[in-house]
């Protein structure tokens with residue numbers, strides 16, 4: 001009996017212990033599943049047309065479970081056709097086909113839970129595109145012809161305003177031809193000698209320069225076009241009788257010329273008229289203060305010249321004497337992607353002529369210097385400087401006593417307005 005009682009007590013103790021152990025195991029809480037964390041990467045700024053690579057590879061799962069990716073566009077510029085290369089890849093790509101803002105969202109999943117949405121912003125901006133120069137088609141003309149140059153087919157893909165620089169890079173031996181206005185989209189020159197003239201055109205949009213475009217002009221022997229010369233501009237007192245002079249007009253073959261003058265502009269209220277429009281030296285009376293513009297055309301009996309004009313300025317006050325240009329003049333300008341500063345020292349060697357030296361400071365390109373030669377006839381003065389092989393030039397107009405306004409060109413590539421002031 002004692003043995004049976006001991007076994008009953010031991011069995012009860014074991015049963016109680018087992019019950020206690022079962023109770024402890026069922027009371028331990030299990031951890032809640034945790035959602036993964038999406039990381040769509042850093043915001044980006046790109047050029048329009050660039051291929052953009054998104055990066056969600058920094059997304060994580062707290063329980064180290066494998067994750068899947070789901071990308072989508074939240075917004076994109078109006079008209080954009082951008083598409084993701086693979087919306088379920090960790091690093092998909094797309095092309096930013098239009099300028100503007102692209103917003104993309106990323107959600108990742110660990111097989112049970114989705115992450116919160118993360119967003120990345122991609123901003124696409126237009127990059128500057130260089131303009132395109134078009135010097136026009138090659139031409140064949142008769143010797144003595146006026147050759148018209150036209151750069152109007154040049155353009156800029158971004159719609160920027162462009163500037164023009166024409167250059168005659170070669171011409172026949174003995175020719176003194178020059179381009180009338182090398183900075184105009186439409187200009188001209190006289191093919192004065194038989195042979196080939198090579199013309200190049202460069203255009204700029206203020207940021208970039210185009211590649212040079214080249215055209216050739218072949219001048220062949222034939223009747224040359226005469227050249228009209230209406231004489232220098234004049235400044236007179238109101239009421240003065242003005243004599244025009246076309247005697248400097250010429251014909252390449254020395255043929256006799258006929259003259260045709262016309263008064264194309266005169267001040268309001270003026271009754272001025274030419275004394276003989278067919279004369280070499282007609283006259284008019286500047287009866288009212290202001291500007292009178294006379295035009296001359298000459299003919300050799302076969303061809304007619306380009307018109308030349310002369311301006312007569314009538315003033316009620318005495319015509320001022322030509323001020324002295326002697327002294328130092330300085331100025332600076334921004335040209336394309338660099339700056340140029342000019343120091344011009346002028347001595348008047350004799351009345352009406354100028355001589356001096358110009359220094360161009362081009363920063364990292366160094367300093368260039370060269371002689372200046374010019375002439376003036378109050379109130380205007382024409383200046384030019386040829387600077388070594390870089391062809392840095394300054395062409396200016398003097399007005400008043402303290403300012404020269406003009407254009408500076410460096411290396412024949414780009415130009416900008418430049419004002420020089422007396423120091």
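Laboratory data are not the source of any read-out in this text; all were calculated from the coordinates shown. These numbers come from a predicted model, not from an experiment. Cβ: placed from backbone, ideal geometry, glycine included. Neighbour counts: every protein chain shown.
What nm value, rounded to one decimal, do you get for the distance between residue 47 and residue 184 when each label is placed 7 Å out toward the C-beta?
It is 3.6 nm.
Taking the Cα-to-Cβ direction at residue 57 and at residue 157 and moving 7 Å from each Cα, how far apart do the two end points lie in nm?
3.2 nm
Given 0.36 nm per residue, what is the gain on full extension from residue 258 to residue 117 after removing their alpha carbon distance, in nm? Don't jump to the answer; show the numbers that get you there.
Values: separation 141, 0.36 × 141 = 50.76 nm, distance 8.77 nm.
Extra length from residue 258 to residue 117 when fully extended: 42.0 nm.
Can you compute the FRET efficiency between residue 332 and residue 309 using 1/(1 + (r/R0)^6), with r the Cβ-Cβ distance and R0 = 25 Å? Round to the nearest 0.05.
Details: r = 34 Å, r/R0 = 1.36.
FRET efficiency, residue 332 to residue 309: 0.15.
Using 0.36 nm per residue of separation minus the Cα-Cα distance, give me the extension gain between residue 220 and residue 316 in nm, one decimal.
Numbers: separation 96, 0.36 × 96 = 34.56 nm, distance 5.11 nm.
Fully extending the segment from residue 220 to residue 316 adds 29.4 nm.
Residues in the stretch 91-121, backbone N under 19 Å from the label point at residue 81 (7 Å along the Cα-to-beta-carbon vector): list them, ranges by number please.
It comes to 93-102, nothing else.
Could you compute the FRET efficiency for residue 89 and residue 281, with r as their C-beta to C-beta distance and R0 at 60 Å, rounded to 0.05?
0.10
What does the extension gain come out to for residue 291 and residue 207, with contour length at 0.36 nm per residue minus their alpha carbon separation?
Working: separation 84, 0.36 × 84 = 30.24 nm, distance 3.95 nm.
Net length gain for the segment: 26.3 nm.
Which Rg and Dmax, in Å, describe the Cα atoms of the stretch 44-125?
Final numbers for Rg and Dmax: 13.5, 42 Å.
Round to the nearest 0.05 the FRET efficiency obtained for residue 128 and residue 30 when R0 = 51 Å and r is the Cβ-Cβ distance. It would help to have the intermediate numbers written out before the result.
On the way: r = 62 Å, r/R0 = 1.22.
According to the calculation, E is roughly 0.25.
Would you mind computing, in nm to one decimal, how far apart the modelled labels at residue 74 and residue 176 are, each placed 7 Å from Cα along Cα→Cβ?
Label-label distance for residue 74 and residue 176, simple model: 7.4 nm.
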